[in-house]
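The values are calculated or read from the model by the stated rules, or taken from the named source; none is laboratory data. All values reported here derive from a predicted model rather than from experimental measurement. No Cβ is skipped: glycine too gets one built from the backbone with ideal geometry, and neighbour counts run over all protein chains shown. Side chains are part of the model used for accessible areas, which takes the heavy atoms of the whole protein and leaves out ligands, DNA and RNA. Shrake-Rupley method; radii C 1.70, N 1.55, O 1.52, S 1.80 Å.
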Amino acid sequence: MKLTQLSLFLENKPAHLKVPCRALADAGISIMTLSLADTEQFGILRLIVRDWQKAKEVLENAGCVVNTTEVVAVEVEDRPGGLADLLDIIEKAGINIEYMYAFTFGRGDRAILVFRFEDPDEAVTKLQAAGVGVVEGVSLYSKGK
Amino acid sequence: MKSKTHASGGGFNPTSAPDYLPQTQLRELQLARLKFIVKRAYENVPFHRQRMEEAGVTPGDIQSLEDVAKLHFTMKDDLREAYPFGLFASPMEEIVRVHASSGTTGKPTVVAYTQEDINVWTNVMVRSLISCGCHRGDIIQNAYGYGLFTGGLGAHYGAEALGATVIPMSGGNTDRQIMIMKDFGANVITCTPSYFVHLSERALELGTDLRDLPLRIGVFGAEPWSDGLRQRAEEIGGIKAYDIYGLSEIIGPGVAIECAMQEGLHIFEDHFYPEIIDPETGKTVAPGEEGELVLTTLSKVAMPLLRYRTRDMTRMIPEACGCGRTICRIARIGRRSDDMFIIRGVNVYPSQIEAAILKVEGTSPHYQIVLTRAKDLDQMEVQFEVTPEMFGDTVGSVENLQRTLCHAIESTIGVRAKITLVEPHSIERSQGKAKRVIDKREG
């Protein structure tokens, strides 16, 4: 269902992406998926990890600025048109997508996508009403191993 | 046995008696001292004698306080040229201490004290601390730098004479400062305001919230600071923050101080005679108008200074103060004219930028102004350290913040600045004075 995503502010300079990744690595925390938004000046690194509280603590101790955001994980069929069909549903439901990215692993013939909606609760309700498979955090994490 | 519990405010302390002198008595005292100091400078310091002769003025011409306007100004450059001991009025065997200000360009400026001068300095520092609500029995952590800088020793002797317990920490070594503050139960801290905010932030990182400690008063000075920074210091430290003003050329800290009303700073005018002048023309401004503060030391034996140009911009507050002190008040110094920079023909003070930043909600005072020149056009960049409060997960939210900051600055000073957001702790923290402006332009 709703997942907690960590977002980090990074300066757009060499080696600045490495600091948080190394900190997580040293703490034995695996990144389940990520996306990086970049501008000329700065970047925003968004991360999904299993234990976000611990990861946040590790990152803050490494001197990073960390924010948390609620995102929604949705399961679609891993076939041509899987995403396009889902976007049709989202469009009809009148939900605006701030951004989205995909998980690096699938579940057999299914793919998992991460959506950032302005109002995640409203989005979850509407998606479920439309019969879309919103993934529970617990089941997602158990599949990620 | 010192009591560790105090009522707020505190009773009258006899050391502060001169703060409450009736005006006629105060003026008589000032005139007697002015006559003495002008004569002393004329007879013992060739620089002052020469300037007075050039102006055709003799000590006998000083018959009223207004006659001070007949005298020459003394500039910072005059002190530099007299390096090291050229402006001393006392023989070296009577001088018990020297201090020197950091020389930003070339040689430092040296100042001297006889024992009598040290006693005056201690007296005005005691009166300063009393004015901020400090008492005998307080534990004062003195984080002003000890050494040639006047801040450390000035606050130290004042705090001791008050009857407080002094922790002579000096500046820097922040983690140790925090440990000592906590373990010794300091309830007063003396340092620069920017350093205090730095210390408070570091304490939070180490898991110590200063609001949970006995600390209740900060006596902050040695750099100009805005009301926004005061709020920040008070919030993060759980303290009352007071502004102390001073400069080594005059005596050090303890030239002027806030009182409980916090509506300007009282100048200890029984020792330091103030004038407010137009920095362009040198003429005295109308009462209450802004101008440059000029000070004449009325009792300094070792190194009397006549009409010293402080480069600090302020104005007199003519109304009587609610605290009952009769000595005059000046508005807080928001800017030093030597902090000022000119960009594209506009005079800019870092404090104006700071005020603009603090208007934008949720931004911290850690910033730095970088001036560069590209193709003969001056560029101003303001770098901010990002905090979790000011950034979101979308690019739009960050760009929006940049626009808000850019607009706030432009509407304050009329110059467009490039806004760069940087990671936390990437701007160098001040251990002493805050370095707010980096000027990379040539010439």
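Among the residues in segment A:33-47, are any part of a strand (DSSP E or B), touching a Ser or Thr at 6+ places or on another chain (Cβ under 7 Å) and aromatic (F, W, Y)?
Within segment A:33-47 (the criterion being part of a strand (DSSP E or B), touching a Ser or Thr at 6+ places or on another chain (Cβ under 7 Å) and aromatic (F, W, Y)), the answer is no, since none of the residues qualifies.
Applying the selection to segment B:273-317, what residues are within 16 Å of the chain's Cα centre (by Cα), within 17 Å of B:M75 (Cβ to Cβ) and open to solvent by less than 10 Å² (accessible area, probe 1.4 Å)?
Listed by number, the residues that qualify are B:E292, B:L293, B:V294, B:L295, B:Y308, B:T310, B:D312.
Could you please let me know if A:T33 is more than 14 Å from chain B (Cβ to nearest Cβ), surrounded by 14 or more Cβ atoms within 10 Å (Cβ to Cβ) and of a type outside the set (A, V, I, L, M, F, W, C)?
yes
Return yes when B:G103 is outside any helix (DSSP H, G or I) and at pLDDT below 95 and no when it is not.
Here the answer is yes, as B:G103 does meet what is asked.
Would it be correct to say that A:T68 is open to solvent by less than 70 Å² (accessible area, probe 1.4 Å) and touching a strand residue (DSSP E or B) at 6+ places or on another chain (Cβ under 9 Å)?
yes
What is the residue count in segment B:407-426 for residues that are more than 7 Å from every other protein chain (Cβ to nearest Cβ), crowded, with 17+ Cβ neighbours inside 10 Å and in contact with a strand residue (DSSP E or B) (Cβ under 8 Å, 6 or more places away or on another chain)?
4
Among all residue pairs at least 6 apart or on different chains, which show Cβ distances below 6 Å where the first residue, located in segment B:240-252, is β-branched (V, I, T) and the second is not in a strand (DSSP E or B)?
B:I244/B:S128; B:I244/B:G221; B:I251/B:W121
Tally the residues that are touching a residue at least 40 places away in the same chain (Cβ under 8 Å), closer than 18 Å to B:G237 by Cβ and open to solvent by 10 Å² or more (accessible area, probe 1.4 Å), restricting the search to segment B:145-171.
Matching residues across segment B:145-171 total 1.
Of these, B:T281, B:T190, which one is hydroxyl-bearing (S, T, Y) and not in a strand (DSSP E or B)?
Step by step, each of B:T281, B:T190 is checked, and only B:T281 is hydroxyl-bearing (S, T, Y) and not in a strand (DSSP E or B).
Which one is least open to solvent (accessible area, probe 1.4 Å) among residues in segment B:374-398 that are aliphatic (A, V, I, L, M) and part of a helix (DSSP H, G or I)?
The selected residue is B:V398.
Residues checked against (1) assigned by TED's automatic domain parsing to the domain that holds A:E11; (2) open to solvent by 30 Å² or more (accessible area, probe 1.4 Å); (3) at pLDDT 90 or above:
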residue	(1), (2), (3)
A:I44	yes, no, yes
A:K54	yes, yes, yes
A:R116	no, yes, yes
A:L127	no, no, no
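Of the residues that make up segment B:19-37, is at least one within 26 Å of the chain's Cα centre (by Cα), of a type in the set (S, T, Y) and either surrounded by 18 or more Cβ atoms within 10 Å (Cβ to Cβ) or under 25 Å from B:A260 (Cβ atoms) (or both)?
Yes, there is a match, as at least one residue in segment B:19-37 is within 26 Å of the chain's Cα centre (by Cα), of a type in the set (S, T, Y) and either surrounded by 18 or more Cβ atoms within 10 Å (Cβ to Cβ) or under 25 Å from B:A260 (Cβ atoms) (or both).
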